Amino acid sequence: MPPASPGCAGTHGFGRVSVIGLGYVGLPAAAVFAEHGVEVVGVDTNPEVVACINRGQPHVGEPRLDALLRRVVEAGRLRATTAPEPADAFIIAVPTPLARAGEAGRPDLSHVEAAARAIAPVLSAGTLVVVESTVPVGTTERVATLLAGLRPDLTFPPEAGEAASVQVAHCPERVLPGQVLHEVVHTPRVIGGLTRRCAERAASLYRIMAQGECRLTDARTAELAKLAENAYRDVNIAFANELSLICDRLGIDVWELIALANLHPRVDILQPGPGVGGHCIAVDPWFIVAASPEEARLIRTARQVNDAKPQHVCARVRDRAAQLKRPVIACLGLSYKKDIDDLRESPAVEIVRLLAEERVGELLVVEPHIAALPPELARLGLALHEFDQAVERANLVLLLVDHGRFLEVSRDTLKDKIVVDTRGVW
Ligand code: SAJ
């Protein structure tokens, strides 16, 4: 990462940038802007998160973020607060969950709206507002219209077009948890403006730190591009997961099958797993389905295929456990993917919950990245166990997440146990 160059604030016109929402996306972005010489004011509604950040400690687990945050907080370039302050640019990076899980869910935009209401009083002529949160098509325009209603003394793109005094754009985040600090700088940016001027102004903001290409478009196209990226991945993972079910039925090793098929120069099948988790790929495709239910048939089916995978894993474990007199099952991993602490929408959590509710056996849950079990598992009487002891005691070992630590286990340790490897790494 290049050293801060305080002098550049004058050339790009962004002396102070405010990031609204200091979570997995907003906090790293805030820290990286600060590292590039901008004064950053981070805003979060949670006072504990604000206090933690002001001590230079991240509240989210992300490689290398600790050191970076400490540096920029100590240098006085990043501070957090619960109340928005005037700034040259606001980046809204708050969650956009589903109001209800699954197909019946609609995008919940209450956090985005609350963020817009919170910044409205401190906007002024010349301010840029960027929505980074993943949102349904049309949301950026709705944010601008909401702001226009709250600030009749300013002009906004939906009514004033290129002449607007406040610029509004959508620049969807595309960072991969676990590699955020690299990707936030190097992944190409799609920048959708409500007008061309909005897009250009947003591009000049991101160019302060972005080393990848900044491609300009309109806001609606940028909104759908982000949703399409995650739906594309979901559909491709669903293909792999469907193949794994077909292989189970036909008695074929799906991992070998995929490795063979991928020898073809134009085939690149992804990896099956216990299901698709995280707050993005398991959620965002539903935004497309909600907006275009009759057309989004493949996207809906992919979601259903991936959402059904945890039940399939459970059925397999139940069958294998039935061979044991007293099943003791080591459930390895709870996070939604390897080497992170994020349990959101994690299929591993769902599988453990289903196994516990069905009383399939004694469950020894292992997740080295967390200190306490999530409430939905703790209330089922489960506890966290050490990896080595759990594997030692278990007669069935269920690998749910391919954490690096789990891959080191010796073949000898597993040799007399039933193994269900949902990630195909053993
Ligand atoms: N998974 C599989 N098989 C695979 C790949 C992934 O089962 O071959 C599973 C993972 O185990 C995990 C889930 O899919 O449960 C999603 O993991 P991921 O690593 O594919 O993606 P996320 O959710 O961590 O991040 C995605 C990224 N989007 C794309 O790759 C298109 C990231 O770039 C986005 O910024 C992020 O969503 C987001 O915030 O939208």
Mind ranking 139-148, 274-283 by how tightly packed they are, going by the mean number of other C-beta atoms within 10 angstrom, highest first?
274-283, 139-148
Taking Lys417 as the anchor, which lysines have their alpha carbon closer than 27 Å to its alpha carbon, excluding any fewer than eight residues away along the same chain?
Lys309, Lys325, Lys337, Lys338
Distance between modelled label sites at Glu392 and Arg70, nm, 7 Å Cα→Cβ extension
3.4
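Using a 1.4 Å probe, what is the accessible area per residue for the chain, in Å²? List each step's numbers first, then the result.
On the way: 19070 Å² over 426 residues.
That works out to 45 Å² for each residue.
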Find the centroid of the Cα atoms in the stretch 53-115 and in the stretch 193-234, then give the distance between the two in whole Å.
19
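Order of 93-99, 404-410 by packing, highest average Cβ count within 10 Å first? Spell out each step's value before the answer.
Working: 93-99: 19.9, 404-410: 13.3.
By packing density, highest mean first, the sequence is 93-99, 404-410.
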Just to be sure I understand: of the beta bridges DSSP finds with both ends in the chain, what percent are antiparallel, rounded to 5?
5
Taking 7 Å along the Cα-to-C-beta vector as the label spot, tell me the Leu407-Tyr232 distance in nanometres, rounded to one decimal.
2.6
Mind grabbing the accessible area of Ile252 for me, 1.4 Å probe, Å², rounded to tens?
80
Under the helix-only model (-39500 (n - 2.57) for each DSSP H run of 4 or more, divided by the residues of the chain), the mean residue ellipticity at 222 nm, to 500 deg cm²/dmol, is -12500 deg cm²/dmol
Peptide ranges 57-67, 345-355 listed from the most packed, as the mean C-beta count within 10 angstrom indicates
345-355, 57-67
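The values are calculated or read from the model by the stated rules, or taken from the named source; none is laboratory data. Bear in mind the structure is a predicted one, so any value in this text is a computation, not a measurement. All Cβ positions, even for glycine, are placed from backbone atoms using ideal geometry, and neighbour counts span all protein chains on display. SASA here: full protein model, heavy atoms, side chains in, ligands and nucleic acids out. Shrake-Rupley method; radii C 1.70, N 1.55, O 1.52, S 1.80 Å.
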